[in-house]
Amino acid sequence: MIRNHHSMENSELRYIQKLISHTEESIRYFSISMKAERERSVCAALLRCLGVVFEPRDIEAISNDPPDVKFYLARFEVIEIYDKKRKRHDEYKDRLKELQKAKTINETLIPYESPKPISYHELSTEITRALGIKSRKYGKRFCATLDALVSIGLSNHFLDIRSEIPDYVELMDQGWRSVSFVMP
């Protein structure tokens, strides 16, 4: 019996160590040095959603952006939309500190919240606002050469696909060649 308890304890510690390792990798991934890789990942997510076959090397990060990423003729300007005041990188750092103190799996648990729906209209408003900042910076003429790609990272939300799809006149007035978004 003691052996099983010890084995279970080791199993829990191995699991906690995997959580720590995953969180450390997330901290690295969301660091400034990985910005180009994140932008390539957003582009890859869009291509997978569209059923486009590609090789990772086909998605090229551009160092002197805009655009951020090229995929053949597509020129993606990638932006992220997250909750206001959310500091994703800090969230992972705080989580790492919690995990490093944990001795049991129970100490690693986080409360579950049911995700809330977000309508196309609410999402469109956020996208239009965020892209408007870039559009004013670049100008309509230059935006006409770019494909805006928005990564939605609103915590605990999912898209209500039954909601009414608004017109996108205001977004089209910004001049983007195309606008796409991806959302978990």
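Against the conditions (1) part of a loop (DSSP other than H, G, I, E, B); (2) surrounded by 13 or more Cβ atoms within 10 Å (Cβ to Cβ); (3) touching a residue at least 60 places away in the same chain (Cβ under 8 Å), R86 satisfies every one except (2).
What do you reckon, is R57 among the basic types (K, R), assigned to a helix (DSSP H, G or I), within 30 Å of A144 (Cβ to Cβ) and modelled with pLDDT of 90 or more? Answer is yes for this residue. Candidates E80, E113, E39: the one that is open to solvent by 40 Å² or more (accessible area, probe 1.4 Å), in contact with a strand residue (DSSP E or B) (Cβ under 8 Å, 6 or more places away or on another chain) and under 30 Å from D160 (Cα atoms) is E80. In region 73-82, is there at least one residue being of a type in the set (K, R) and at pLDDT below 95? No, because not a single residue in region 73-82 is of a type in the set (K, R) and at pLDDT below 95.
The values are calculated or read from the model by the stated rules, or taken from the named source; none is laboratory data. Small disclaimer: the values here were computed from a predicted structure and weren't measured. Note that each Cβ is placed from the backbone with ideal geometry, even for glycine, and that neighbours are counted across all protein chains shown. Each accessible area value is taken on the protein alone, full model and side chains, heavy atoms only, with ligands, DNA and RNA left out. Shrake-Rupley method; radii C 1.70, N 1.55, O 1.52, S 1.80 Å.
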